[in-house]
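Where a number appears in this text, it was derived from the coordinates with a stated rule and is not lab data. None of the values given here were measured: they were computed from a predicted structure. Here the Cβ positions follow ideal geometry from the backbone for every residue, glycine too, while neighbour counts run over all protein chains shown.
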Amino acid sequence: MRIALITGASSGLGRQYARWCADHKAADEIWAIARRQERLEELKSELSCPVRPIPLDLADTKSLDELEHMLAEEKAKDPSFEVSLLVNAAGFGKFGTYADMTREEVDKMVDLNCRAVVDMTQIALPCMGKGGHIIQIASSASFQPLPGLNVYAASKAFVRSYTRALRFELRGKGIFVTAVCPLWVKTEFIKVARDTRNGHTVNHPFPQLTAEHVVNWSMFVNSINYPIATCCITGFIMRIADKILPAPLIMWAWEGLRRI
Ligand SMILES: NC(=O)c1ccc[n+]([C@@H]2O[C@H](COP(=O)([O-])OP(=O)(O)OC[C@H]3O[C@@H](n4cnc5c(N)ncnc54)[C@H](OP(=O)(O)O)[C@@H]3O)[C@@H](O)[C@H]2O)c1
């Protein structure tokens, strides 16, 4: 029995990865994780492949314990049980400077975007063998420090750095690991990000990609075992700029861009 573990499956990129997985028969069952159970039930009725809706708040460590227990139980019942695909797509950002954020908001961002990604990976890896695939959703925001998206950008830099080193640790094990770094994607992300005391700190300077494009491209990049999927030319330029330009220069350019 091969399962796909997909977090953030109730919406946006996570939901699209679940669709991709069903279309490509990448697993025998999809474990779809997010807080909104009704959305996960909808996904279950939409997809041709079996879906197990798992409503959990991943910012809460108890949820990770529960999931670890569920995987151990399955493994005990069926020694051939394995995770063939892990997608860590649950995550959110909040627009605003440090002064616009509550402590609860920044803590939740770090808990979900960083700790939950690491915990999910730690839980999944013992059940993953040769031919397994790991997709960690970082962001183009990970390439540089971004005032007005400070904690979010830093949390995604964490995901990208963590994923690169993990990939190195897993070399020779036949596990394909990719950090996905999209720019704006048409999902519920921006609605959630604007819901702060100063949600228009960041406007909308780039055209939006579709979730379908990001998922198809990133799964191609992962299939050739490439470490970073940038998903569009602007994201690629941001990646290169980060390597050659000083951070203050990039932040001043961003100060202008985020107001457009
Ligand atoms: N859209 C963009 O422009 C963009 C660009 C670069 C990177 N990203 C990254 O892409 C990933 C997916 O975001 P998206 O664009 O698809 O946004 P989205 O449509 O808002 O999806 C976010 C997903 O995360 C889940 N989630 C949020 N809080 C959670 C929690 N505490 N526990 C469990 N699940 C939780 C949500 O489900 P529930 O609300 O049902 O829990 C939802 O399924 C995120 O990591 C985001 O940072 C997005």
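Tell me which residues, restricted to segment 181-204, are more than 10 Å from the ligand (Cβ to nearest atom) and surrounded by 14 or more Cβ atoms within 10 Å (Cβ to Cβ).
194, 196, 197, 198, 199, 201, 202
Within segment 93-120, restricting attention to residues that are surrounded by 19 or more Cβ atoms within 10 Å (Cβ to Cβ) and more than 11 Å from the ligand (Cβ to nearest atom), which residue is nearest to residue 161 (Cα to Cα)?
So, considering only residues that are surrounded by 19 or more Cβ atoms within 10 Å (Cβ to Cβ) and more than 11 Å from the ligand (Cβ to nearest atom), the one nearest to residue 161 (Cα to Cα) is 119.
Could you run through segment 152-211 and say how many residues are assigned to a loop (DSSP other than H, G, I, E, B) and among the acidic types (Asp, Glu)?
Looking only at that region, the number is 2.
Do we have any residue at all in segment 71-92 that's within 16 Å of the ligand (Cβ to nearest atom) and over 21 Å from the mean Cα position of the chain (by Cα)?
no
Return yes or no: is residue 76 free of Cβ contacts under 8 Å to residues at least 24 places away in the same chain and under 15 Å from residue 179 (Cα atoms)?
no
For segment 206-215, which positions are exposed (fewer than 15 other Cβ atoms within 10 Å of the Cβ) and farther than 25 Å from residue 259 by Cα?
212
Among the residues of segment 2-50, which ones are among the polar types (S, T, N, Q) and more than 22 Å from residue 190 (Cβ to Cβ)?
37, 45, 48
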